[in-house]
1. Is the stretch 1-76 best put as rounded, prolate or oblate by its Cα gyration tensor, with a ≥ b ≥ c the root eigenvalues, rounded for a/c under 1.5, and otherwise prolate when a/b is larger than b/c, oblate when not?
2. Stretched out fully, how many nm does the piece from K33 to E150 gain, at 0.36 nm a residue minus the Cα gap?
3. Dividing the alpha-carbon Rg of the stretch 83-181 by 2.2 N^0.38 Å yields what?
4. What is the sum of charges, Lys and Arg at +1 and Asp and Glu at -1, for the other residues whose Cβ falls under 14 Å from the Cβ of Q244?
5. Calculated from the structure, mean projected area of the Cα convex hull in nm² equals which of (i) 18.3; (ii) 23.2; (iii) 15.2?
6. Can you list the HN-Hα couplings for the stretch 183-198, worked out from phi with the Karplus curve (6.51, -1.76, 1.60; θ = phi - 60°), rounded to whole Hz and with x for Gly and Pro?
7. If I compute solvent accessible area with a 1.4 Å probe over the protein chains, what percent of it on the stretch 43-176 is carbon and sulfur?
8. Each label point is 7 Å from the Cα along the Cα-to-Cβ direction; what then is the distance between the points at S117 and F103, in nm?
Amino acid sequence: MIIRQIFNNNVIRAENQVGHEFVVIGNGLGFKKKNGQRVDEEKIEKTFVLKSDKIPQKLIDLIGETSVEYLKVADEIVGSAKREMGDIFSDNIYISLIDHIQFAISRYRKSVGLKNSLLWQIKKFYKKEFMIGMNALDIIHAQFGIQMDEHEASFIAMHFVNARQDGQGMKQTVEITEVIDDIFNIVTDYYQITLDETSFNYSRFITHLQYFAQRLLSNEQEQLASGDNFLYDQVKDKYARAFQCTQLINQYLELKHESAMSIDEKVYLTIHIQRVTSRNDMATS
């Protein structure tokens, strides 16, 4: 690898023989070195492997003003997330995570904690991302000796939700979570039941709501509109109660989001509601 930029004595930007760029960390990697020289690979401790060939300028700027400890912690958290969920996150996760960790540690050192109003929803609808957030707290504690609470874990989880959904922006991630929560509450209130969160149908239902809410707020529903009236009529008759619940959800979407479900969306949602509210998927007291 060849050195392309020296951030400090221990952090450099390097490029391999096929033009792929890396951020590389190691004690003394940049000491008395110049751009264009070969990287002393024996000193490499950590390497940021990104999906894109070129490192985003925003990440380069952030690394230039960030201490090695924050970079190592962010890399360890992302590595833990990839082991849990696979390499499904956009490179933006490094940018948002490094920035968040710096700000969070600064807050905690001043005894300033923040409460996440969506904590309950994150724990319920994004279980894997929330566990990533909880694991991140352990990593941060090991490095900085600061013990953060589950509200902070939920903030970190939201960054991974955002990075999994094509980096749409935190504002839309919050809106998606609120839509999921609203629909979930309509279903449980209509049926007057508590759903079994350990069931397979529950997981499929929540996953469907995640992608449905994303399509709704991205105005992509029309791509699914095949207009299969035969299947629609069958589902409407066979699952009458679940279909009525879907109609209530559609009314909510029209009133609050000025958007109506397509025929296909009504069919899919009705089937998921029927499955998740079946007797086998009700939680036992």
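1. Rounded.
2. 37.8 nm
3. With N residues counted in the stretch 83-181, Rg over 2.2 N^0.38 Å equals 1.02.
4. +2
5. It is the value labelled (i).
6. With coefficients 6.51, -1.76 and 1.60, one gets 5, 4, 5, 4, 5, 5, 5, 5, 8, 6, 9, 10, 7, 7, 6, 8 Hz.
7. About 50 percent, which is the carbon plus sulfur part of the accessible surface.
8. 1.7
The values are calculated or read from the model by the stated rules, or taken from the named source; none is laboratory data. Values in this document were obtained by computation on a predicted structure and should not be read as measured data. Note that each Cβ is placed from the backbone with ideal geometry, even for glycine, and that neighbours are counted across all protein chains shown. Keep in mind that these areas ignore ligands, DNA and RNA; they rest on the heavy atoms of the full protein, side chains included. Shrake-Rupley method; radii C 1.70, N 1.55, O 1.52, S 1.80 Å.
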